[in-house]
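Structure provided below as structure tokens; questions to follow.
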Amino acid sequence: MNEIHIGNRRIGRRQPPFIIAEMSGNHNQSLERALAIVEAAAKTGAHALKIQTYTPDTMTIDLDEREFHISDAQSLWAGTSLYKALQ
């Protein structure tokens, strides 16, 4: 059976799960909030943290019409574009 090692942890079918938390733009560009998220992930027992980054240009196009316009009145971003919501 194949296994890999990350630090002192063995990863494989017969090993306990290796938990990876994820942090994206939910820190709102605040170092304090980002560090709080890292701390919270550690406290929950996560073994690793995946930090995902993106820019609006990598997710969509800068267009505010048709399927790129958020028209759902229940959305927090109603009346704006996907591009602007990702900024």
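For the chain, what's the relative contact order in percent, using C-alpha pairs closer than 8 Å and at least 6 residues apart?
21
Sorted by accessible area with a 1.4 angstrom probe, largest first, how do 59, 23 fall?
59, 23
Another question, then. Tell me, what is the 1.4 Å probe accessible area of residue 81, in Å² to the nearest 10?
Counting only protein heavy atoms, the figure is 0 Å².
Pairing the Cα long axis of helix 31-43 with the longest principal axis of the chain, what angle in degrees results, from 0 to 90 and rounded to the nearest 10?
Computed tilt is about 40 degrees.
So, one more: Tell me which label goes with the value of percent of Cα pairs over 18 Å apart computed from the coordinates here: (i) 62; (ii) 45; (iii) 42.
Read-out taken from this structure: (i).
Order the following by accessible area, largest value first: 3, 22. Probe radius 1.4 Å; ligands, DNA and RNA are ignored.
Largest accessible area first, the list is 22, 3.
Still on this model: Net charge near residue 38: determine it from the other residues with C-beta under 15 Å of the C-beta of residue 38, scoring Lys and Arg +1 and Asp and Glu -1.
Summing Lys/Arg as +1 and Asp/Glu as -1 gives 0.
Now, a different point. Accessible area per residue of the chain at 1.4 Å probe, in Å²?
Computed with neighbouring chains in place, this is 81 Å² per residue.
Continuing with this model, one more query. Once you order the gyration tensor axes a ≥ b ≥ c over the Cα atoms, which shape class does segment 37-87 get: rounded for a/c under 1.5, otherwise prolate or oblate by comparing a/b with b/c?
prolate
Residue 68 accessible area, nearest 10 Å², 1.4 Å probe?
Looks like 40 Å² after rounding.
Additional query: Quick one: with all protein chains in place, what share of the accessible area of the chain is carbon or sulfur, to the nearest percent (1.4 Å probe)?
52
So if R0 is 41 Å, what FRET efficiency would residue 39 and residue 66 give, r being the distance between their Cβ atoms, rounded to the nearest 0.05?
0.45
The values are calculated or read from the model by the stated rules, or taken from the named source; none is laboratory data. Quick caveat: nothing in here was measured; it's all calculated off a predicted structure. Every residue, glycine among them, receives a Cβ derived from its backbone with ideal geometry; neighbour counts consider all protein chains shown. Quick note on the areas: whole protein, heavy atoms, side chains included, nothing else; ligands and nucleic acids left out. Shrake-Rupley method; radii C 1.70, N 1.55, O 1.52, S 1.80 Å.
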